[in-house]
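Asks: This is the structure I want to talk about, given as structure tokens.
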């Protein structure tokens, strides 16, 4: 049996097993009332749905590591880089779970998000675009904390965060399949988490039966931030070695969450509100005010992010074959951000 077939079987098994895990948590959550503590928070739909989707994400991640340890190189798990990823993602998951159950303040989350970034840097996982390492460390902390918050903030409407995150993971897997050995542990854990996301989408698609909760969005934000550092920040080999391209690739791969966070932050600060206080003023909500159904909003944002992820992957894998100025894609991405922001100025609730 070839290794490619083994990977496929692993993905299929993960997909089926996580589907049953999600179903189990939906039933158990209804039975034991495992719901979001802060039911008064502003969300597009009911806050009283189960919030255990993240448990399966984290479980799929741990299972992937276990499979790699058993069938491939168990000694690799002792390496500082892999151990750091395990610790950082565990902290992100547990912090999110605490927020779901206890409704912790924003400062509590920020401290642990910052800690996740510090652990990754200490483990050797950090953005490498500057000659001065202190700048690389500062950018890494900003990136990790920013993406964890962006993914968390984007989780405000059925299936949005799940589908957008799926496009990023598919892009990461495409790059890993081409540039890394097939036995790489990062490839395996990406396949496992992708399977968990796809199976979760069955229950999270509008009208959703469950949410991922902060335990899911915080884990997912940290996971995506790490994978982006490996693939989009440090994986670019453009001919002129410009430091601009990693910024462009990261922006393109996360165009929807970055656009949403930028829009919400600007609008709330202009109104004198904290960006960390929930509200129905996200790009997703304004697209709905503009007349799109929840499902159409999900399809639109999924398509936008998938397009830019695909372009970013092409740039990473085939830099020598790019026959047009890459900065044109940057202008295109900024225009998309401006359009999404403009919609929040045009559309109004109830219209």
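Asks: Can you name the residue in region 86-127 that is at pLDDT 90 or above and part of a loop (DSSP other than H, G, I, E, B) and, of all such residues, is surrounded by the most Cβ atoms within 10 Å (Cβ to Cβ)?
Replies: 127
Asks: Can you work out which of the residues in region 185-210 that are outside any helix (DSSP H, G or I) and in contact with a helix residue (DSSP H, G or I) (Cβ under 6 Å, 6 or more places away or on another chain) is nearest to residue 92 (Cα to Cα)?
Replies: Across region 185-210, the extreme among qualifying residues is 210.
Asks: Right, next: Select from region 72-85 the residues that are in a helix (DSSP H, G or I) and touching a residue at least 12 places away in the same chain (Cβ under 8 Å) and list them in ascending order.
Replies: Residues satisfying the conditions are 76, 77, 80, 81, 82, 83, 84, 85.
Asks: Report yes if residue 65 is modelled with pLDDT of 85 or more, assigned to a helix (DSSP H, G or I) and either touching a strand residue (DSSP E or B) at 6+ places or on another chain (Cβ under 6 Å) or over 30 Å from residue 6 (Cα atoms) (or both), otherwise no.
Replies: So residue 65 does not fit the description; no.
Condition check ((1) in contact (Cβ under 8 Å) with a residue 12 or more places away in the chain; (2) part of a helix (DSSP H, G or I)) across all residues:
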| residue | (1), (2) |
| --- | --- |
| 131 | no, no |
| 135 | no, yes |
| 141 | yes, yes |
| 145 | yes, yes |
| 148 | yes, yes |
| 151 | yes, yes |
| 157 | yes, no |
| 168 | yes, yes |
| 171 | yes, yes |
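Asks: Kindly evaluate residue 312 against the criterion of being crowded, with 17+ Cβ neighbours inside 10 Å and farther than 28 Å from residue 208 by Cα.
Replies: yes
Asks: Could you look through region 1-36, keep only residues that are surrounded by fewer than 15 Cβ atoms within 10 Å (Cβ to Cβ) and outside any helix (DSSP H, G or I), and pick out the one that is modelled with the lowest pLDDT?
Replies: 33
Asks: So residue 223 passes all but one of these: (1) closer than 30 Å to residue 104 by Cβ; (2) part of a loop (DSSP other than H, G, I, E, B). Which condition number does it fail?
Replies: Status for residue 223: all satisfied but (2).
The values are calculated or read from the model by the stated rules, or taken from the named source; none is laboratory data. Please read these numbers as outputs of a predicted model, since none were measured by experiment. For neighbour counting, all protein chains shown are included, and Cβ atoms are generated from backbone atoms with ideal geometry for every residue, glycine included.
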